[in-house]
Every structure is written in C-alpha cells, then in structure tokens.
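Asker: What follows is a single structure, and I will ask about it in a moment.
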Amino acid sequence: MNDRPLPVVAAMAEAYREVAAIVFAKDCSGRYLFVNRSFERLAGRPASEIVGAGDIDLFPPDIATAFSRNDAQVLGERRALEFEETALFQGERRLYATMKSPLFDGDGALVGLIGVAKDVTARQRTSLALQEAALAVSSAGSDRIFQELTRYLSTILDADYAFIGELMAGEPQRVSTRGIYGDGAYQENMSYVLATTPCRTVVGHGFRLFAADVGAQFPADGQLSALGLKSYAGYPLCDPAGRPIGVIAVLSRRPMQDEELVASVLKIFSVRAAAEIERQRAEAALRASEASYRAIFDAAEDAIFVHDADTGEIVDANPKACRAYGYSYDELCAMPVDALCSGEPPYTGEEAARLIAEARRSGRPLQLEWHRRNKDGSLHWDELVLKMAEIAGTPRLLAFTREITARKLAEDALRRSEARLRATVEAAFDCVIGMDAEGRVIEFNPAAERVFGHARGAAMGRQLAELIVPARHREAHSRGLARYLATGHGPFLGRSVELTALHADGREFPVELAIGTARAAEGDIFIGYLRDITARKRAEAERNALEAQLRQAQKMEAIGHLAGGIAHDFNNLLAGILGYVVLGIERAEDDGDAVQARYLEQARLSCERARDLIGQMLTFSRGQRGAPRLLELGPLVVESLGLARPSFPAAVAIHSDFADDVPLVFADPVHIEQVLLNLCLNARDAMGGGGTLVVGVRHQPRVKGVCCSCRQPVEGDYVELSVTDSGPGIAPAVMDRMFEPFFSTKGGGKGGGHGSGMGLAMVHGIVHEQDGHVLVDTGSDGTRFRVLLRPQAAVGMASDDRGHGRRALPAGRLAGRVLLVDDEPTVLGCMGELLQRWGVEVCAFSDPLAARARLVAGEHIDLLLTDQAMPGLSGVELARDARAVRPALPVVLYSGNAHALPANGADGLAAVLDKPVDPQRLFALLARYLPVA
C-alpha cells in the first residue's frame, strides 16, 4: 500500500469515526483505507479486518462488481456522485443512498475516494408500498370498488383485516361498512356503534394508530377479541367541506410498526374512498332530483317555459304558465314567442329573439322585466329570468316568469308619491335633513341650504355633526347616536327640542328640532325637521321684557295704591294730632308756660316730618302732583347742595360737575330737591362716612339703556342729573327691590325719613311723573344714579316762593255759622275747636248724609267746610248737593289728596285745602266768606 494517503486517512479517521452515517475511504485500486464505527457494526467485523481488503473480499460478487463500477465512475469523472447501492450485511440485503467523492492529497493528486452511505431501505419499502397503493386506487373498478380497495389495502399493508365504513344518514353515531376484506376473503357488510370502537378516535379527528393491545383499550368492542386482532390504524373520510362522512381502517393480529407508512397508504386510499362515497351520494341525489323534476316543474308557482336553444321555440311549459297566459299546453307549445309579447317597444318579438340569442351566447343568466300579452288581450308585467341549462343531454333555454303587475303599479304610485314628497320637501319652509346610521347627511332640502348656508351637493355625504353641530356639542351628538343604535331609545326622539346650530359662516343660532326615525334596507335613517327660531327667540325676549315691565308697573301701581291708602288713613290721624298740638301750643303761650310750649313745638315738628313722609308716599302713588315749571337744574342743585352740606360728615368730599348749555326741564323744584336729597343721603350712607360724592348736570342727547325702576327701555334725548358715590356698589338682590316702598337696607336713623324705605320709592314716583327714568350704574368702585328728564325750550320761568318756619294762629275773630263735616271724630273735634276759638258757630257732623239732610231741611248755614273721603257721600258730592239747594253757599273742601280734586271754582268749590289743614290759610279763606267780629 502506498503511504501517500496516510495523512489524509488519519484526518478522516479523526473526523468521521463516531458519526451515525456509514463513512469509508478507498484507494484508487478499491482497497479500504478507513471505515468508521457504523461500518464496523453493520459488517460485524473490526476495522482491522476491513482495512486493506477489497469489496470482493467483503461482499458477494454482484454487489462487489456494482461497487467497483460506481467507484470507477467517480474516479474517472473526478467529481462527487450519488448512487443507490445494495449491500449485504449479516445476511440481510439493504438499500443505501451513497455519496462518493474523489480524494486528493496535499499536492492535488488523486489518491482514492471517500464515501458516505445512509440506509434507505425503509424509505424504499414505503415508496414501493405507496406506488402499489396508487396503482391499486387507480385500477379499482366502480362496481365493487370498496371491496377492491379493502383487498388492495390489506395486501399492501400486510394487514389481516381492512374495511371502509360510512356514517349512517340520520344516525351519525353508527357506521355502515361499504366493504370488508379479511383473512384472504371478502366479508359481509355490517353496521356498528361508533362509540365502542377505535373508530371513534378517528372520525372527526384524524389518523390514529394503536400499534398493540387495541382490545385492552376498547374492551366493549367484542370483534377485536373474537378475531384476535392486536393492532388498529384508521383514517377519517371527509367530504370536500371537511365534514366527516366515514372511516377507512386496517387491523392486524401483529403489532404495526411503521406508522408513517401506514398513515401515508391510508391517506391515499381515504381520498379514493371518500370521493367514491361522495360520487354515489351525488348520483343518488341526482336520481332523486330527476325523479322529482316533473313534480317540481308542474307544482312551481312561477311560470316556466323550456325553449329550444337554437330556434327559441317553446318545447315545454308548466301548468302555471298555462294558467297565467290563458293558453292550453298544446297552444303554448305551438305559440311563437312574439305572440306572447305586448308589442309595445321594446317588448316585441324581435327584442325577445335578441335576448334569447344573448342568453345562449353569454351563458350567463339574464334578469329583466317584460311586458306580455295574454290570450284575452290583457297586458301584464313579468319579472323574467333567462338561463341556459342542459336537460337530458340537450341544451335548453329556461324562462322563469313571475307576474309583478301589482308591484309595478305600486312602484309607479310610489314614484309619483316620491315625486310629490320631493316637491313637498323642496318647497318646505322648514329644514328637512336626513342622516344615516353612520351620521352622514343623506338629505338636505333648499330650506336647509338657506338656513345653514351649505349647498346640497357639498352637504351630502358629510358628517352631520361636522356640518351643523357646534364643536362643543359634537361628542354628545355622537354618544346619543351610539346609544340609540345600541338601545333603540333616544332623549330627542318624538318631541320638539330647542338647540343651538352652526351656520356655514361659523355663527351659532337657535333652532327648534324634531327627529323621526325610519327603517330602510340600508339600516336606520333619521329625519330631522329644523326651524330657525332666531326671530321667535328675539320676539320672546322682547315679550318677556315687556311682561317684566308690565309686572313691574303693576307691582309699582299696586304698591302705589297701598301707599296712597296708608297716606290717606295716616293723614286723618295726623290732622287731628297736628291740630290739637297747634291748639296746645297757643294755649301754652297764652298761659306763659314756656316749657310746655317747647315740648309741644317739638311734637309739632315731628308731625310736620310725618306730614312730609306722607307727602312722599302720595308723590310715589301719584296721588299728589307738584307744581311743575321750567327749571334750570344747575342753580337749583347748587342751592340744594348748600342746604344739604351740613348733613354730610367732613370726611365726605362733595364735588359738582355741571356742563354748559344744559336745556331747561319742566318739574316741581321742591320735588327735584327731594329727589336730590334722597339720592345724596343714600350715597352718604353707602360710603360709610367717608368718600367722594359727585353731583352732575349735563345734556345727554343719545341715551340708551333700561330704567332700573320701571324696567322699560330708555332711548332718546334727556337732561341728566347724576349722583355718583365711591361706595362698594349695590348687590343684585338689592337692585331688584330698592325702588319698592318701605324696602330699606338701613337699620334706622335720624332726619328726613332716614330708614323709612320711602326715599327711592319717592324718587321713582317724582321722576316718572315727569315722564323721566332712572338708570343705575354700579360696581365695586361705586354707584352712579342717573335721573333722566325731558329737555324743554325756555319759554319763561315762574318764581319759587316758599315760606319757612312756624306761623302762629291768626289772632282775629270771625262770626257766622259753619257746617263742619268729617267722618274722622278726632279731626272733627279738632277742627270744631279751632273754628270756635275764632268765634265761629259750628254745626258738626260725622255723617255726610245727615249733614246733607240738614242742608235740604233749610237750616241757616253761612259756609260748608267738609272732608273729601267719607263713606256714603264724598265731599265733592256733598258740595254738589249743597249748591243745588243753596247756589250761593261757599264750600271749602280739604283732603290728604287735594291735587287729585277739581281746582278752586270747579264744581262750586270756593277752595281746596291740603290735609292736615294750614290754620293760616283756613283763617284767610273763612275771613273772605264770613263776617269779621
């Protein structure tokens, strides 16, 4: 042996000695240089007995010759080649897949070859078995295919039994065998319960092999033990949809070892068996279908015609066709197609022939509507389907017709209705907007285009929320839609609601919305009816404002009536009190009792303050009118502020802000002083003893606002008298009520009605009596009251003569007889004593009816002095009756509401005096009509 390959062989020995494959090396003469452990085990010899030997020394001649031939090819082509070679090891021939490659030394010289072999005996056996199985499956006939398949299967897998079973119709837990081969012969078919056999692990599951002791695992299957069967393998049979239809299985009295081979063979046979079962089922169904074809054809409720595919002639028709068209069967079969057409284009014989040809050419069904004529000449609409079919091996054209005349009439009526509805929607003044379940717009009428500013084409298909719903409401809109789709309920359905909508230009406006739902083929749809209620909302706001003004006016009127009634009653009390106090003062002065005179003088001053309060109440109630004249507000305000300055603490700074060329106003100066004084005192109290007070007078030609007192809108040309303080402002709750009589935030105090709650009520009465208004601006930095009076032209100004101080009782004496009438006993007594003190003879009556009776009786009376408001007969009525009896009789009337009575001289009145009565004025009047003593 040449030593050159030794280094190479040594390297191979180191690398391949322990690998599982057979590895060997030979020199160019065919002698072994190296074998690995696997080669030694198969040969049953150690390497020392193999190395140096040739194939002829180790294998039979045929095998050794084949090895030498393959080796020579590798060495000759000097490249690796793969062979299938048979070797004999320990008396058993086995097949090997061998890769042989040339072996070179370090100089590139060819020194031999190396071979790697793998045992493929089992694979070859499997391949042969599968080839046999495929051949068996393809050669099996159809008459006894299941028997032949089981015989082939048993033979190929060397099994004792093979069978094919089908799940029984209606009993899926039972199997009926279609073929059994066992113990070398065909066996009789049977049925068995699936649950007790190994087949239950296969059907509906997959391949299963029980290699041994299958009987022990399924003791309820008596056949296993009766036939001595030890192993089982099964494969499920399924239809094309994968549903189980049966099982194919083999059983043996010996253990089954090659699971892969068994599974492969069973799989091949299962395909053929399942296909045959399906084919036989289809044939059975077809036979049943063909058997029932005529019954179905005759019983069909649709008219069916069978036409010759080439000529279009009618070759068959069912009874429904005869009834529908009014012809007998023989008449129909002899009838040309054009005779069944209405003849109105396009429903003509030519069009029918074209459609038949198109259906034959395309092979696709044609569906259309057709207008036909019956035997009686009547016209009908049909839904027609043309379809090619093969009947008994002959191509035919089937025509299925169903009358739809009623539906066509309904569709025509629906189209007309839809046209009317579309016209109605288009002409509607209200917006009609449709939305689908996805929230997309499917309808947008012209009114919606006008109201929302979107064109219909641009709106269709868009999300409604993005189109007309303000951004802050879109999430709620989406939640509401989702809630309805989930529950079928929604808070806005079936009722009218008011919402805010979004215009195309981005502005928001109020709308009234009603939503209805409808069920359509594509799902729920929502129809919204919307109306722009901007104008209505504006009108409602104006109406509410007017109603608020009316309520305020009614409230102020009612409060005025209440104040007037209180003033009247209080006037009666005050008249008596003041009268007796004055009498008491005179008596105290006559007696020289200075202390008592001083006490009574203080009481008189209190009575006068009470009289002023009553005057304010009457002013508020408009029962007492002032003496208005043209005034220049500036000088009057300066004078009034000078008089009011002592009422303010030194910590309050008073400033005036008078504009030039302020127009005159028409008002009572006393009332204006009262208004100014009340506003200034309120400002003083608001500032808490310190701050800045600014009084202004200016012309405001363009005023616009709302009166804080009467709640009416104020707009126009005014003269403004303003009083501004630096106090903390007025709370809203106080603003709502501060002009009500007796409403006060003050706890009490001194002077001028302070704390009486009548100050701003008097301001309301005086200002509105002059057709004016009061505006109030308030905030944390102070409050400004703005009294607005109408400007006047300067046509002359009256003087303002106002007396002050207490005047003593007249000292003169009168004579004559006076009829004194007053229903209030205190006033009657006081007035009587006053008259008697002056020397007058008094005839006093508390009942006006009794007084009238005395006058009618003719009793001598020089003058009638009477109160106005009395039960049964008023002072004016009594004066009228007295003048009717005694035309020359002087009548003097006094009243707490004197300004509401006729002026002096009217209704025969000599004079009208305020109550409480001023003694000086009363004495002057009496001296005019009575003799002086």
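Asker: I'd like the accessible area for Trp838: 1.4 Å probe, protein heavy atoms, all chains in place, Å² to the nearest 10.
Answerer: 0 Å²
Asker: Can you work out the FRET efficiency for the pair Glu715 and Asp661, with r the C-beta to C-beta distance and R0 = 25 Å, to the nearest 0.05?
Answerer: 0.65
Asker: In what sequence, largest accessible area first, do Tyr327, Tyr152 appear using a 1.4 Å probe?
Answerer: If we order Tyr327, Tyr152 from most to least accessible, we get Tyr152, Tyr327.
Asker: Carbon and sulfur together cover what percent of the accessible area of the chain at a 1.4 Å probe radius?
Answerer: Roughly 53 percent, rounded to a whole number.
Asker: Can you compute the helix-only [θ] at 222 nm over the chain? Use -39500 (n - 2.57) per DSSP H run of at least 4 residues, normalise by all residues, nearest 500 deg cm²/dmol.
Answerer: Computed mean residue ellipticity for the chain: -13000 deg cm²/dmol.
Asker: How much area per residue is accessible in the chain when the probe is 1.4 Å and only protein heavy atoms are counted (Å²)?
Answerer: Using a 1.4 Å probe on heavy atoms only, each residue of the chain averages 50 Å².
Asker: Separate question: So, taking all protein chains as they sit and a 1.4 Å probe, how much accessible area belongs to Met168, in Å² rounded to tens?
Answerer: My reading of the accessible area for Met168 is about 60 Å².
Asker: Let me ask something else about it. Between Gln187 and Gln463, how many nm apart are label points set 7 Å from Cα along the C-beta direction?
Answerer: About 7.2 nm separates the two model spin labels.
Asker: Relative to the first principal axis of the alpha-carbon coordinates of the chain, what is the inclination of helix 121-139, with its axis defined by its Cα atoms, in degrees from 0 to 90 and to the nearest 10?
Answerer: Helix 121-139 sits at roughly 80 degrees to that axis.
Asker: Here is a further query. Efficiency by 1/(1 + (r/R0)^6): what FRET value for Ser478 and Phe743, r their Cβ-Cβ distance, R0 = 60 Å, to the nearest 0.05?
Answerer: Step by step, r from the Cβ atoms, then E = 0.70.
Asker: When only Cα pairs under 8 Å and 6 or more residues apart are kept, what is the percent relative contact order across the chain?
Answerer: 5 percent
Asker: What's the extension gain from Arg79 to Glu540 if we count 0.36 nm per residue and subtract their Cα-Cα distance?
Answerer: Going from the current span to full extension adds 155.2 nm.
Asker: Let me ask something additional. Would you calculate the separation in nanometres between label points at Cys333 and Val638, each defined as 7 Å from the Cα along the Cα-to-beta-carbon direction?
Answerer: The answer from the label model is 13.2 nm.
Asker: Treat every Asp and Glu Cβ in the chain as -1 and every Lys and Arg Cβ as +1, leave all other atoms uncharged, and give the resulting dipole magnitude about the Cα centre to the nearest 20 debye.
Answerer: 1020 debye
Asker: Sort 459-466, 502-509 for me by packing, meaning the mean count of neighbouring Cβ atoms within 10 Å per residue, highest on top.
Answerer: In descending order of packing, they fall as 459-466, 502-509.
Asker: Rank by packing, highest mean first: peptides 780-788, 851-859, with packing defined as the count of other Cβ atoms within 10 Å averaged across residues.
Answerer: The packing order, highest mean first, is 780-788, 851-859.
Asker: Distance in nm between label sites at Ala389 and Ser68, each 7 Å beyond Cα in the beta-carbon direction?
Answerer: Spacing of the two 7 Å Cα→Cβ label points: 7.8 nm.
Asker: What's the extension gain from Glu49 to Asn374 if we count 0.36 nm per residue and subtract their Cα-Cα distance?
Answerer: Residue separation times 0.36 nm, minus the Cα-Cα distance, leaves 106.3 nm.
Asker: Of (i) 104, 86, 67; (ii) 202, 103, 47; (iii) 191, 101, 63, which one was derived for Cα extents along the principal axes in Å from the structure shown?
Answerer: Given (i) 104, 86, 67; (ii) 202, 103, 47; (iii) 191, 101, 63, the calculated one carries the label (iii).
Asker: Put +1 on the Cβ of each Lys and Arg and -1 on the Cβ of each Asp and Glu in the chain; which of Ala162, Thr424, Thr487 then has its Cα farthest toward the positive end of the dipole?
Answerer: The residue sitting farthest along the positive end of the dipole is Thr487.
Asker: Give me the number: length gained by fully extending Ala548 to Leu605, i.e. 0.36 nm times residue separation minus the C-alpha to C-alpha distance, one decimal in nm.
Answerer: In short, 16.4 nm is gained.
Asker: Between helix 594-621 and the chain, what is the angle of the helix's C-alpha long axis to the longest principal axis, kept within 0 to 90° and rounded to the nearest 10?
Answerer: 50 degrees
Asker: Something else: With all protein chains present, calculate the accessible area of Cys238 using a 1.4 Å probe and round the result to the nearest 10 Å².
Answerer: 60 Å²
Asker: Only Cα pairs under 8 Å and at least 6 apart count here; give the relative contact order of the range 264-333 as a rounded whole percent.
Answerer: Relative contact order, the range 264-333: 20 percent.
Asker: For the range 454-544, what relative contact order do you get, as a whole percent, if you take Cα pairs closer than 8 Å and at least 6 residues apart?
Answerer: 19 percent
Asker: Still on this model: Tilt of helix 825-837 relative to the longest C-alpha principal axis of the chain, in degrees (0 to 90, nearest 10)?
Answerer: For helix 825-837, the angle is close to 30 degrees.
Asker: Using a Förster distance of 56 angstrom, determine the FRET efficiency expected from the C-beta separation of Phe104 and Ala437, and round it to 0.05.
Answerer: Working from the Cβ atoms, E equals 0.10.
Asker: Let me ask another. In square nanometres, what is one fourth of the surface area of the convex hull spanned by the alpha carbons of the range 166-269?
Answerer: Its average projected convex-hull area is 6.6 nm².
Asker: Projected area of the range 7-123, taken from the Cα convex hull and averaged over every viewing direction, in nm²?
Answerer: 6.8 nm²
Asker: Something else now. Would you mind putting 70-76, 431-437 in packing order, based on average other-beta-carbon counts within 10 Å, highest first?
Answerer: 431-437, 70-76
Asker: Only four residue types carry charge here, +1 at the Cβ of Lys and Arg and -1 at the Cβ of Asp and Glu. Report the dipole size of the range 7-123 about the Cα centre in Debye, rounded to the nearest 20.
Answerer: Magnitude of the dipole: close to 220 debye.
The values are calculated or read from the model by the stated rules, or taken from the named source; none is laboratory data. The structure displayed is predicted, hence computed values, not measured ones. Neighbour counts are summed over all protein chains in view; Cβ atoms, including those assigned to glycine, are modelled from backbone coordinates with ideal geometry. Accessible surface areas use protein heavy atoms only, side chains included; no ligands, DNA or RNA. Shrake-Rupley method; radii C 1.70, N 1.55, O 1.52, S 1.80 Å.
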